[in-house]
Each structure stands twice: as structure tokens, then as C-alpha cells.
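Q: What follows is a single structure, and I will ask about it in a moment.
The values are calculated or read from the model by the stated rules, or taken from the named source; none is laboratory data. In this text, all values refer to a predicted model and were calculated from it rather than measured experimentally. Every residue, glycine among them, receives a Cβ derived from its backbone with ideal geometry; neighbour counts consider all protein chains shown. The accessibility values were calculated without ligands, DNA or RNA, using every heavy atom of the protein model including side chains. Shrake-Rupley method; radii C 1.70, N 1.55, O 1.52, S 1.80 Å.
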Amino acid sequence: MIPVVAMRLLAAAGLAAMLGWGCASDTPRDTTRLTVGMRFEYPTPNELIGLPTLSYSAISNQFFLPLMAERPDFRDGPPTWAPGLAADWEFSEDRLRLTVRLRPDAVWSDGEPVTAEDVRFTWLAQTDADIAWGYSFYKESIADVEVVDAATVRFHFDAAGPTALADVSTGLILPKHAWGERPFAEWRSDPGWFFENMVTSGPFLLENRTPGRELVLGRNPNYFEDGLPRLERIILRSATDSAALTNLLLTGEVDVVSGLGATDAQRIRNRPGLRLIAYPNRQFTFVSWNTRKPWFQDVETRRALAMAIDREAMVDTIWHGYAEVGNSPVISSVWAHDAALEPWPHDPTAARDALAAAGWTDGDGDGILERDGVPFRFELATFTSAPARWDAMQMIQADLRAVGIDAQPRRVEANALIQRMRDKDFDAAASAFAIDTSLDLRYAFHSQSIPGGDNYAAYANPEVDRLLDSFATRLDPAAGLEDLHRLQRVLHDDQPMLVLWEPLTLAAFNEELVSVAPNALSPLANLEEWAWR
Amino acid sequence: MALILRRLLAAATLFLIVLTLAFAVVALAPGDPLAPSDPRIPPEQAERLRALYGLDQPLPARYLRWLGAVVLRWDWGQSYRTGQPVAELLFDALPPTLLLAGAALLAQYLLGIGLGLIAASRPNSRLDLSVRVASLVVYALPTFWVGLMAILVLAVGLGLAPAGGMTSAAAFELGPAAAALDVLAHLWLPALVLGLSMAGDIARYTRSSLIEFQATEAGRAARARGLSETRILLVHGLAHASPRLLQLASVSAPLLLSGAVIAEVVFAWPGLGTATLLAIQSGDIPVVLAATAYGAVLVIAASLAADLLLSRLDPRIRAE
């Protein structure tokens, strides 16, 4: 009897829940609020103790503002800066001092003014050893931050450098009056404390937080821009899986999802009521050839590999066209990209000829090339957490097999593989870099970055070192365009890494949303201007 | 009492072994979880973090300090990913998992027993055959696939359920009754999907136990006393089957938990499984260790509870 009763009760409850859900789904849209799906949980509003990722920054930027913010115009030229909490700024003649005047109308959400003391407090926190902020290296050039008066702050530099504005503007200004009471040594021990002591200077404030589920942002009434934000409430819902987020989007439970996979984008592409936006980000995926290994020591062989691998097919098959074939680590969406570079063509015949010219022959007739008794057989590794790259590894294996090379794909846990690549304990591996607009690529190609660093290929070329050093020290990056073009040409010819693709970021929006303009700097860029039609 | 003490002692020993093995596997795995993923971040940064999290200490010292903190204070350290105390993080994640697993267990038993009763009431009929085949099919289907299909058809297609999550957006504004209904609306589909995987097993066990009971002296005596078939099966038959069904509960606990990991991801359910997956993906070792231990505790507790319940139901076990 009991099971029957229980089953009836369960059925009744399920029916009630379904009916309840059905009714709830029919309610008209509340145009004062927006629900955004995200693939992570926002861990702390204090960016100095959270992981430095673009996704977290996109949210932190709704709460706090930097002094200046980079404009997304990096396709047209070197970075330019828009005022954030700063009203204006001025360099001294020798560029060793930068004086910044704060906006007079900038106040925290509790009504306290944003002052120069907040700016100095932030710098002290950013450079504190106990806090160990990931991006503290941006502040190494800053010798001191001087409070001139409540609304004026002066940055002192050790030397004049091209990245001074980027160094100053990296990092959001934090509230000294609210967070200063907590010793820096205790910041990492309780990140939740910052949620409980939130005051914000950005367009939004924290209204509610349910761990693991959602973060609710409310309009900051003290935000200095009149009439903004246009929406009263933003609800950020978490789901770890891209397909799960896509389902929430399809049922209308979320209005926006960014960072979709290409397969999920296919499901959304022609869906009525939804708009898919594909925009460039600043990443590129590549295969590093370890030049310390016998297979990859000579340029001719590396060029042959570039011709043997069909990257167009990868972009079409794996990305369904939502990527571009890569050609240079200075990616095509930044101003210094050399558009004159011709990608290595997919030409297996030319690849075979080049391999033969480089001394690779199939002497024993087993279908695998050899040189000096070494068969062309190597391990091609990538991260376990990168399914697109794993698919690419399979395609590379097939392409290389067609020219007599036996590449053996292998998946390795990300941290373990990065360590192996830094130790040069690998044959070939696929990975990805995200570049910033300073375009300082010394970490990836300078010979000083070989030991334990991210010059995975162990690539050393004195000309490349010289070009990298020269560009990194130019006060006017635009004047270094020739150097950057030459650098790309040399890397293109030497092929220490084969750039596979530049992915596009895929975001889907309810088509009733207006003024939406995501960009490579943030999927939630200009969120304060978003509104329902 | 002696049995309880023996079982508790065995459970504690097993837990300690799980802790040690988990620590060893994670600590000896290659790679540095605190290595910066952004190549522009200098390696000294990782050194600083390593020192902050005590990873610059020798392995035995780290193990003893970690074990001491866990055993004495239930302190699992801090998440590398979020900086949050791990115990707090999992404390938030545990109730949703228990709710989902509990609801799935209920669904599994209600469905399984119901189908078993139907099959046993007409043994070797077409109905019986259909139930048996269906049981095997649902047992063989992977939970993630069933989950995805259920979402596509019932949520995205028919709008009968939310596509994921445990609550609707901004559910904190709802009153208690509306909030409970909201959770129920989100719960029924993942619970059903998760419960289905083991319901087939329960159905087959229930069926065979009931058919077996009908052939026993007790079954024949009940029929001779003129009891209805329904009463014989529902009351006496199920009482006969209950020890075996309880044993199945202890077997299905680990399956439910591992299934919950998958179901949570597919249904965006904010529980232990989602937290564990995030931790594994991001190399968040303290959370991985704690989640492993929480899983072990749940499985051990479920087995212990089933053992103790069995001993209450079956005097032969007490006598052992």
C-alpha cells in the first residue's frame, strides 16, 4: 500500500511542479532585468586574490573601475585609453611621472568619494607579497604612487617605458575605506569577506549571491554616468557545461551566453528569437615543435610539416567555420599583423619533396620515413581539457601519416603538460596563447625564455631576440611596425611553431536586446548600456 | 552493539585508507597546480603562492599537517581556484547533491518496485517480458545520454521542465512555498533520469523475489488463508524481498553518487559533482581531495546504514 500511496504523492507533486513550471514559463518578460549564463562561479569580487581570467574580469569590471580602460580599437593601432575613474592625465616631459586627476563625480556606492588615497591603497595591495596578485608584474615599473591631493595622484616610474599607461591602468581601483581595515596578510584567507563588505564604483552593485547558482547585480544609484545602467538588475547564472547553458538559452531561462562551443553555436544559429555573434578574441592555437628533438631541428623539415597539415579542414570541421586559419602569433585582429604573409599552403606533394630534400627517406619500406637511423615517429601531446585540440591532433595524425610521418597523439593533464613543455620534455605539443596589445612576445620566442620558460620550442634566433628587444623598448609602438613585420616574417619562415587557428568567441543573445557590443576585452563590454527593445 | 562498533571501526579505517591513497595519488601526479597559465606571469609568482599554500614543504610534512587538520578540525584547506575554505565550499554543494541523490533513490525504488510488482503479478506474460526488457534497456543506457535526451524532449521541446539549474533566476525573492515548488520543478527531471538507471535493477530483483515468495510455504499459506493476490504481493511478498532490496540500496549508493556527478553537469545542478568537475578541470587539489573524501564518507555511511538496517531485519546477521 505504501509504495502506491507514495507513487501517487510523487506523481501529484511532479504534476504540480510541471504545471507550476509551465505557468511560470508563460509569464511576460520583465524588461528591467537580464539573465546571463556563465560557465563558472564568480569566486570573489577582489580581483587581486581571484584567478586572473577574462571571465572574472568581465564581472569585476561591473563593480569596480580602473583609472583608464583600454579601448577595443587595437585593430587600428597601438592601444588607446578611455577615461575610467580618471578625468584626465598628463606625463611629465621626461615621462618619469604621470599625473592623474580623478573624476569629481566618482563616488562609491555608499556615498564616499573615490579619492587618491584609494588609488595608492590599491597600488600597495597590488604589489604586496602576501596578496601575491598574479599581475603584480605590471606594477614593477612604478616606483611610487604619490597622493598630491584628494583628487590628484602622481605615478613615479623608474624609467620611461612604452607600457606606462597599461601598467597604471591594469587593475581596478579598490575602496580603502571599506577594505583597508583588513590586513593584506588576511586577504587570501577569506575571499567571502569581500562579498560581505562590498562597496562599488562601477555601474552595478551586489544585490544577492547564492553560491554555486547565481550572482545578482543591481543598479548602482551613485554611478556617475547619468541614465546608466539602463537595466535595473543583471542575474548571472552558473552552469559548468556549455551544452547545459545552450539548453537554458533555448528555453529562455537565460538571455545571454558567451563562450559557446562551435557545436552549440550550430544549434543556435538559425533559432528564432536568438542572435549569434562571432567576434575575434586574442587567442591563437599552435603546435610547438621541440627543436631539441632530432625530428624538428632543421627549418626545412618544419616547413614541410606546415605544408603537410591541412588547417583549413580543421577550421571547417572542428570550428564549423567559426575560426580563421592562423598565420602569425601577431594575430589578424591586431594592428601590427602582417597581412602580406601568405599562409603555408596545404600541399602534401610539396611536403614530401621537402622532407626528401631534408634527408628523410623510407629506407626499410615500413611506410615511415627515417633519417640517420631515426624513424620520424613522435608524440603529439595536448591537454585533456581541450577537446577541439584533441580533434585537431587526430587530423594532424592522418595528414602526417599521408607523408610518411607517425605522430602519436596523447592527452596529458594541463598542468603536467605545461610543466613538461617548460622543461622541454616533450616532442611536439598543441597549446594556445592569448596575447595582449603590448605585443611583447619575448616570453614565447626570446632565447632567454628557453630555460624553464614558455619558449617551448627552445627556439633561438639572434635576429628574433634583437627585434623583440627593440620593439619592447620603443616609446612609440607604432614606430616599431617594421620590426614587428620582420619578426613575423622570420617566425613564418623558421616555423618553431605552427599556428593552427585563431578562434572566434561565440556569444548568443536574445534578439530583443539592444546596444550589445561584446569584444575581445570583455564579453560584457558596455553592459551598462544594454537594454530590451 | 558489538556489531555497530565493529562496523564503525572498519568504516573509520577504510576512510583513513581512502584519505591516504587520495593524497598520495594527487601529490605524486605530475604538474604544478599553481603554475600560472598566463605565460606573462613570472614563475616567482607561483613560488609565492606555493609558499602561501604550504606546498614548499616536504611531502611527509604536508601529509601529516593535512591529515591532522582534516581529522582534528575537518579543515580541508583553501581552494586554489576560489580561495574559499574547502569545507565551506563543499558545505554549500552537499545539500543539493543529497537532495538529488535522495530524490533519485526514491524515484528508483518507486519505479523499480512498481514495475517489479506488475511483472510478478503476471509472470512470464507479455507484460512481464516487456518490463524485463525495458529494465535491461534503461539499465544499459548511459545517464548522460538519457539526461540530454530528456532535456531536449521534455524541457526544450515540450517545456514541461526547466532545462537546468536548481532554482529559477532570482529565486531568493520567492516565498517559502513558491521556492519549494520551484526546486521541485527543477528536481523531478534529473531525479527521474538518475533514478531510472537503477530502477531496472530494482524491478528485476523485486520481480524475482516476489515470484520466489509465491513458491515458498509462507506464500502458499497466505494464499490458502484466502488473502488477495495484491495483499500477498504488496505486504508479505515485499516484506520477504526487503532485505535484498536494502542490500541493493547500499550497492546503488556509490552508483547514485557517481551518476549524480554526470547528472549534475548535464542538468547544471549545483552540487558536489559540479564542484568536483570544476576542481578537476582547474587542478584545484584541495577540493578534489575533499570531494573524494566526501564521496567516500557518503558511500561508507550508506553501506553502514544498510548493514545496520539489515541486521535489524535479519536476525541471522546479528548472530554473526
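Q: Could you name the lysines whose alpha carbon sits less than 21 Å from that of A:LYS293, not counting residues in the same chain fewer than 8 places away?
A: By straight Cα distance, A:LYS293 reaches A:LYS424.
Q: Work out the length of the dipole vector of chain A about its Cα centre, built from +1 on the beta-carbon of each Lys and Arg and -1 on the beta-carbon of each Asp and Glu, and round it to the nearest 20 debye. The partial results should precede the final answer.
A: Values: 48 positive and 76 negative charges, 279 e Å.
Roughly 1340 debye, rounded to the nearest 20.
Q: What figure, in Å² to the nearest 10, do you get for the accessible area of A:ASP118 with a 1.4 Å probe and non-protein molecules left out?
A: 10
Q: Among A:LEU250, B:LEU278, B:ALA101, flag the residue with its Cα farthest along the positive direction of the charge dipole of the protein assembly as shown, charges on Cβ as +1 for Lys/Arg and -1 for Asp/Glu.
A: Of the listed residues, the answer is B:ALA101.
Q: Let me ask another. Want the number for A:ASP366 to A:GLU232: 0.36 nm per residue separation, take away the alpha-carbon distance, what's left? Each step should come with its number before you reach the end.
A: Working: separation 134, 0.36 × 134 = 48.24 nm, distance 6.87 nm.
That works out to 41.4 nm of additional length.
Q: Counting other Cβ atoms within 10 Å, keep those with at most 10, restrict to DSSP loop, and tell me which trypsin sites (Lys or Arg not before Pro) in the range A:173-219 are left.
A: Counting only loop positions with at most 10 other Cβ atoms within 10 Å, none of the trypsin sites (Lys or Arg not before Pro) in the range A:173-219 qualifies.
Q: Give me the Å³ per residue figure for the convex hull around the C-alpha atoms of chain B.
A: Details: hull volume 61.3 nm³, N = 320.
Taking the convex hull of the Cα positions in chain B, it is 192 Å³ per residue.
Q: Given a 1.4 Å probe and the protein chains all in place, what does the accessible area of B:VAL299 round to, in Å² to the nearest 10?
A: 40
Q: While we're on this one: Sort A:VAL199, A:VAL325, B:VAL235 from largest to smallest accessible area, using a 1.4 Å probe on the heavy atoms of the protein chains. Let's see the in-between values first.
A: On the way: A:VAL199 15, A:VAL325 40, B:VAL235 65 Å².
The ranking, largest first, comes out as B:VAL235, A:VAL325, A:VAL199.
Q: Further question: For the range A:447-524, what value does the Rg/Rh ratio take when both radii are computed over Cα atoms and Rh is the Kirkwood radius, given to two decimals?
A: Working: Rg = 18.3 Å, Rh = 15.9 Å.
Rg/Rh: 1.15.
Q: At 1.4 Å probe radius, can you tell me the per residue accessible area of the range A:402-533 in Å²?
A: Numbers: 4450 Å² over 132 residues.
Per-residue value: 34 Å².
Q: Could you tell me, in Å, what Rg and Dmax come out for the Cα atoms of the range B:237-320?
A: Taking only Cα atoms of the range B:237-320, I get Rg and Dmax of 16.5, 50 Å.
Q: Order B:LEU313, A:LEU231 by their accessible area, 1.4 angstrom probe, all chains in place, largest first. Write out the running numbers ahead of the final one.
A: Working: B:LEU313 90, A:LEU231 5 Å².
The ranking, largest first, comes out as B:LEU313, A:LEU231.
Q: Eigenvalues of the Cα gyration tensor times 5, then square-rooted: what semi-axes does that give for the range A:174-292, in whole angstrom, largest first?
A: Numbers: eigenvalues 217, 123, 49 Å².
For the range A:174-292, the semi-axes come out at 33, 25, 16 Å.
Q: Taking the alpha carbon gyration tensor of the range A:283-381, what are the square roots of 5 times its eigenvalues, largest first, to the nearest whole Å? If you can, show how the numbers build up before the last one.
A: Values: eigenvalues 162, 43, 34 Å².
Its equivalent ellipsoid spans semi-axes of 28, 15, 13 Å.
Q: Tell me, what % of the accessible area of chain B is carbon and sulfur with a 1.4 angstrom probe? Write down the numbers at each step before the final one.
A: Values: 10370 of 14890 Å².
So the carbon and sulfur contribution to the accessible surface is 70 percent.
Q: When the accessible area of chain A is computed with all protein chains present and a 1.4 Å probe, what percentage of it is carbon and sulfur? Mind showing how you got there, number by number?
A: Values: 10440 of 20850 Å².
The C+S portion of the solvent-accessible surface of chain A is 50 percent.
Q: Let me ask something additional. Kindly compute the accessible surface that chains B and A hide from a 1.4 Å probe when together, both sides summed, and give it to the nearest 100 Å². Before the final figure, lay out the partial values.
A: Working: alone 17470 and 23400 Å², together 35740 Å².
Interface area, both chains combined: 5100 Å², rounded to the nearest 100.
Q: Oh, and also: Accessible area per residue, 1.4 Å probe, Å², for the range A:172-222: what's the number?
A: Dividing the accessible area of the range A:172-222 by its residue count gives 36 Å².
Q: Given the options B:TRP269, B:SER125, A:ILE318, identify the residue whose Cα lies farthest towards the positive end of the charge dipole of the protein assembly as shown (+1 on Cβ of Lys, Arg; -1 on Cβ of Asp, Glu).
A: The one lying farthest along the dipole's positive direction is B:SER125.
Q: Can you compute log10 of I(q)/I(0) for the protein assembly as shown with the Debye formula, treating each Cα as one identical point scatterer, at q = 0.04, 0.07, 0.08 Å⁻¹?
A: Log10 I(q)/I(0), no solvent term: -0.22, -0.65, -0.83.
Q: Please work out how much accessible surface B:ILE41 shows to a 1.4 Å probe, ignoring ligands, DNA and RNA, in Å² rounded to 10.
A: Spelled out: B:ILE41, probe radius 1.4 Å, area about 10 Å².
Q: Rolling a 1.4 Å sphere over the protein heavy atoms, what is the accessible area per residue of chain B, to the nearest Å²?
A: Values: 14890 Å² over 320 residues.
Value returned for chain B: 47 Å² of accessible area per residue.
Q: What nm distance separates the two modelled labels at A:GLU312 and B:SER130, each placed 7 Å from Cα along Cα→Cβ?
A: Going by the 7 Å Cα→Cβ label model, 5.6 nm.
Q: Could you list the residues of the range B:18-60 with an amide nitrogen less than 11 Å from a label point located 7 Å from the Cα of A:ASP425 in the Cα-to-C-beta direction?
A: Answer for the range B:18-60: B:30-32.
Q: Expressed in nm to one decimal, what extension gain is obtained for the pair A:SER470 and A:GLU225 from 0.36 nm per residue of sequence separation less their Cα-Cα distance? Mind dumping the intermediate values first?
A: Values: separation 245, 0.36 × 245 = 88.20 nm, distance 4.12 nm.
Contour length minus the Cα-Cα distance gives 84.1 nm.
Q: Could you give the spread of the C-alpha atoms of the range A:474-519 along their three principal axes, from largest to smallest, in whole angstroms?
A: 48, 30, 11
Q: OK, next. Taking a ≥ b ≥ c as the square roots of the eigenvalues of the Cα gyration tensor of the range A:225-364, is the shape rounded (a/c under 1.5), prolate (a/b larger than b/c) or oblate? Walk me through the intermediate numbers first.
A: Details: a/c = 3.12, a/b = 2.37, b/c = 1.32.
Cα axes put the range A:225-364 in the prolate bin.
Q: Where in chain B are the DSSP H helices whose C-alpha atoms run 24 Å or more along the long axis and whose mean Kyte hydropathy is at least 0.5? Please list the in-between numbers first.
A: Working: long enough: B:2-28 (39 Å, 2.36); B:86-121 (50 Å, 1.61); B:176-214 (47 Å, 0.81); B:238-266 (38 Å, 1.28); B:285-313 (42 Å, 1.83).
Length and hydropathy pass: B:2-28, B:86-121, B:176-214, B:238-266, B:285-313.
Q: Oh, and also: Which Rg and Dmax, in Å, describe the Cα atoms of the range A:313-440?
A: For the range A:313-440, the Cα-based Rg and Dmax read 16.7, 51 Å.
Q: Describe numerically, in nm with one decimal, the distance between label points set 7 Å from Cα along Cα→Cβ at A:ASP391 and at B:LEU94.
A: Going from the A:ASP391 label point to the B:LEU94 one covers 4.0 nm.
Q: Additional query: Hey, for a label at B:LEU3 modelled as a point 7 Å past Cα toward Cβ, could you say which residues of the range B:223-267 have their backbone N under 20 Å away?
A: Only B:239-252 fall inside the zone, counting backbone N under 20 Å.
Q: Just by accessible area at a 1.4 angstrom probe, what is the order of A:THR122, A:THR291 from largest to smallest?
A: Correct descending sequence by accessible area is A:THR291, A:THR122.
Q: Something else about it: Under the classification rounded if a/c is under 1.5, otherwise prolate if a/b is larger than b/c and oblate if not, where does the range A:386-497 fall, given a ≥ b ≥ c as square roots of the Cα gyration tensor eigenvalues? Don't skip to the end; give the middle numbers.
A: Details: a/c = 2.21, a/b = 1.83, b/c = 1.20.
Prolate, since a/c reaches 1.5 and a/b exceeds b/c.
Q: Thinking of the range B:249-297 as a set of Cα atoms, what percent of all their pairs are more than 14 Å apart? Could the numbers behind the result be given before it?
A: Details: 588 of 1176 pairs.
More than 14 Å apart: 50 percent of the Cα pairs in the range B:249-297.
Q: Using all C-alpha to C-alpha distances in the range B:1-142, build P(r) with 10 Å bins and read off the rounded percent in each one.
A: 9, 21, 22, 19, 15, 9, 3, 0
Q: While we're on this one: Could you compute how fast the range A:262-327 diffuses translationally, taking Rh as the Kirkwood radius over C-alpha pairs and applying Stokes-Einstein at 37 °C with viscosity 0.692 mPa s? Give it in µm² per second. All intermediate terms of the calculation are to be shown ahead of the outcome.
A: Numbers: Rh = 14.6 Å.
D, rounded to a whole number, is 225 µm²/s.
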